[in-house]
Amino acid sequence: MQKLFSSVLAASLVLAFPVHAAAPKPAQQKQPKVQEAPLRAHLAFLSSDLLEGRGTGQRGGDLTVAYLETQALAAGLKPVSGKTFRQAVQIAGVKSLPADSSLRLEANGAALPASFGKDWVWAPGDAQAAHSLDAELVFVGYGTTAPEEGWNDFKGQDLKGKVLVMMVNDPQPTTAQPDRFGGKALTYYGRWTYKFEEAARQGAAGVLLIHTTPSASYGWSVIQNSWDNVERFQLAQGAVGTGLQGWLTDNTARALFKAAGQDLDALRAAAESKDFQPVPLKAKVAGEMKAAVRRIEQFNVAGVVPGTDPKLKDEVVIYSAHWDHLGKQGTDGDTIFNGAVDNASGSAALLAMAKEASLNPAKRSQMFLWVAAEEQGLLGSEAYATAPLWPLAKTAANLNLDSLNFIGVTRDIGAKGSERTDLGKMAEATAKAMKMVIAEARPDLSGGYFRSDHFSFAKVGVPAFSITSGSDYLGDKEAAKAKAAAYSKRYHQVSDEYDPSWDLAGMTQHAQFALNLGRMVADAPKMPDWKAGDAFGKARAK
């Protein structure tokens, strides 16, 4: 393992430093071309056991940050501000302690049998170690306030101190309104993150989401793996969540509503109408909730290639990728979640792209940003958007890379979400120049646009999307499809490991598209904007 560390580090440094020692003069420079060799070297090292899965709050995460800032310097990047490539992100780690807690569900004065993990999960959303609860439950349908849809599930009722029970997903389309809430696609209103945020805005003491596999787009086991005996993370600064956050299985919710004298199916049907009114339940959450809480400091890593135009250099294009994965978990067998595809690939690609961009600066500045704690809820990118290193009004776009194409070269490239802004047409032009096409758009059933780091930028008005792999593979299509399908079983598993036999031509193509698109944005006469009427355009206008 020590030999691996030495060889990969040496290879990446050799690939980085000599190039800059003999950098060509501007007149000799050509269009930046991403090289596979440095990309592969960075990918191999970032996903190696030495970095222990790049876990938030773990030693592997600290080693990753040290590596990235060293390589950012080697690639020719400059610190965005001051002398450091680091941006501190203050995070609270929270782990529920059900054995030390007495939290329970009660209906009509009787406690319901509900075990932590199997029937429900919960944790403090405000990073406080202890809570004493005796709070009435109120069913609030989808828990949504959407003025543009004429929708308000709360109807001005005072819900302070209550625990809100909500459905996930959006109000469903109807024959009369086939496009309401995005039609078949999931909007941000349907995401669990929005539900937690809205409960806090309503002044609630807590929120419990009702899980079903169709509405959440994943099974209960995903909830268990994220909440049961697992440390969860949240930003330690900024907006504070409700004291209680959690989920109920569908069976537990049915039993609770029945014991409270309500029919859950009937209330679900009523919640599909904008006339729905909150329904107080003859039920409550009571008892003591205990959690282990610690505060840690993680870091985003950011470096910039200054622009060449006297005026446009004050504006910036940001390329981003999250450096973290799931770290080390458990004690038996393979305990390292290496995260080779997710997202050592994106982090490695940014380093390879930065090296080329620094040799041939654009008119606007270009920032390369590796964000922390994406796996914990986009925390690093949210922290950046809250305290940006570059003025948001002068940030032209964010192009995000998460889980790159390790399978092979494709005819298409994914640009879902680019159509919301001028970036859509620019992405099409970039693809055409590379003899590619934009992948066919499909309904975003799982809300993918709202689940990656670009979304933190979109929320504050920066045109943003994630560039994803295409699926129209050249060569042996059946073998490529089988390889892609096999990865779905390795996603977020210890088996997501780097394979030296991988053909990285597709990953290099993926990174090249991102760099070409970013260069087009960086050299354009004006910054891209949101399409008229897009909800995120309102933040840009402000």
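Quote the convex hull volume per residue of the stretch 420-542, based on C-alpha atoms, as a whole number of Å³. All intermediate terms of the calculation are to be shown ahead of the outcome.
Details: hull volume 17.3 nm³, N = 123.
Dividing the Cα hull volume of the stretch 420-542 by its residues yields 141 Å³.
Amide H of Leu399 versus every other amide H placed in the peptide plane: which residues, excluding those fewer than 5 positions away on the same chain, fall under 5 Å?
Here Ile318, Tyr319, Ser320 satisfy the definition.
Scan the chain and report its longest stretch carrying no chymotrypsin sites (Phe, Trp or Tyr not before Pro) that are both in a DSSP loop and have at most 16 other Cβ atoms within 10 Å. Spell out each step's value before the answer.
On the way: sites that count: Tyr218, Tyr491.
It works out to 219-490.
I need the phi-derived Karplus couplings for the stretch 351-365: 6.51 cos²θ - 1.76 cosθ + 1.60, θ = phi - 60°, integer Hz, Gly and Pro marked x.
Working through the residues one at a time gives 5, 5, 5, 4, 4, 6, 5, 5, 6, 9, x, 9, 5, 8, 6 Hz.
Post the alpha-carbon centroid distance, the stretch 317-395 to the stretch 210-255, in whole angstrom.
Cα centroid to Cα centroid, the span is 25 Å.
For the chain, what does the relative contact order come out to in percent, with C-alpha contacts under 8 Å and a separation of six or more? Walk me through the numbers on the way to the answer.
Working: 1196 pairs, mean separation 109.8, N = 542.
Contact order relative to length: 20 percent.
At 222 nm, what value in deg cm²/dmol follows for the chain if DSSP H runs of at least 4 each add -39500 (n - 2.57) and the sum is divided by all its residues, to the nearest 500?
Details: 15 runs with 164 residues, N = 542.
For the chain, the value works out to -9000 deg cm²/dmol.
³J(HN,Hα) across the stretch 103-112 via Karplus (A = 6.51, B = -1.76, C = 1.60, θ = phi - 60°), whole Hz, x for Gly/Pro?
With the stated coefficients, the stretch 103-112 comes to 5, 8, 9, 10, 9, 6, x, 10, 6, 8 Hz.
Could you work out the Kirkwood radius for the chain, taking every pair of different alpha carbons, averaging 1/r and inverting it, reported in Å? Walk me through the numbers on the way to the answer.
Values: mean 1/r = 0.0409 Å⁻¹.
After inverting the pairwise mean of 1/r, the radius is 24.4 Å.
Mind listing the phi-derived Karplus ³J(HN,Hα) values for the stretch 241-252, rounded to whole Hz, using 6.51, -1.76 and 1.60 with θ = phi - 60°, and x for any glycine or proline?
Here the 3J(HN,Hα) series is x, 5, x, 10, 10, x, 9, 10, 5, 4, 5, 5 Hz.
Packing-wise, with mean Cβ within 10 Å as the measure, how do 94-104, 69-79 rank, highest first? Intermediate values should be presented prior to the final figure.
On the way: 94-104: 16.1, 69-79: 21.1.
Averaged packing, sorted descending, gives the order 69-79, 94-104.
Which whole-number percent gives the relative contact order of the stretch 94-293, counting Cα pairs below 8 Å spaced six or more residues apart?
Numbers: 420 pairs, mean separation 84.5, N = 200.
Relative contact order, the stretch 94-293: 42 percent.
Radius of gyration and Dmax for the stretch 353-403's Cα atoms, expressed in Å?
Cα-based Rg and Dmax for the stretch 353-403 come out at 12.5, 35 Å.
Using only the alpha carbons, work out the radius of gyration and Dmax of the stretch 94-293 in angstrom.
16.1, 51
Show the residues, 5+ positions off or on another chain, whose built amide H is closer than 5 Å to the amide H of Gly327.
The answer is Arg54, Gly55, Phe337.
Considering the alpha-carbon set of the stretch 79-189 alone, what are its Rg and its Dmax in angstrom?
According to the Cα coordinates of the stretch 79-189, Rg and Dmax are 20.0, 62 Å.
Check each of the trypsin sites (Lys or Arg not before Pro) in the stretch 268-347 and keep only those in coil by DSSP with at most 10 other C-beta atoms within 10 angstrom; list them in order.
Numbers: sites: Arg268, Lys274, Lys282, Lys284, Lys290, Arg294, Arg295, Lys311, Lys313, Lys328; in loops: Lys274, Lys311.
Here the trypsin sites (Lys or Arg not before Pro) that fit, given the DSSP loop and packing criteria, are Lys311.
Name the shape class, rounded, prolate or oblate, that the alpha-carbon gyration tensor gives for the stretch 220-323, where a ≥ b ≥ c are the square roots of its eigenvalues, rounded holds for a/c under 1.5, and otherwise prolate holds if a/b is larger than b/c and oblate otherwise.
On the way: a/c = 3.21, a/b = 1.98, b/c = 1.62.
Cα axes put the stretch 220-323 in the prolate bin.
About its Cα centre, how strong a charge dipole does the stretch 94-293 have in debye, to the nearest 20, once Lys and Arg get +1 and Asp and Glu get -1 at the Cβ?
On the way: 19 positive and 22 negative charges, 34 e Å.
Using Cβ point charges on Lys, Arg, Asp and Glu, the stretch 94-293 gives about 160 debye.
Just so you know, all these numbers are worked out from the coordinates, no wet-lab data involved. This one's a predicted model, so the numbers in the text were calculated from it and none came from an experiment. Positions of Cβ are backbone-derived with ideal geometry, glycine not excepted, and every protein chain shown enters the neighbour counts.
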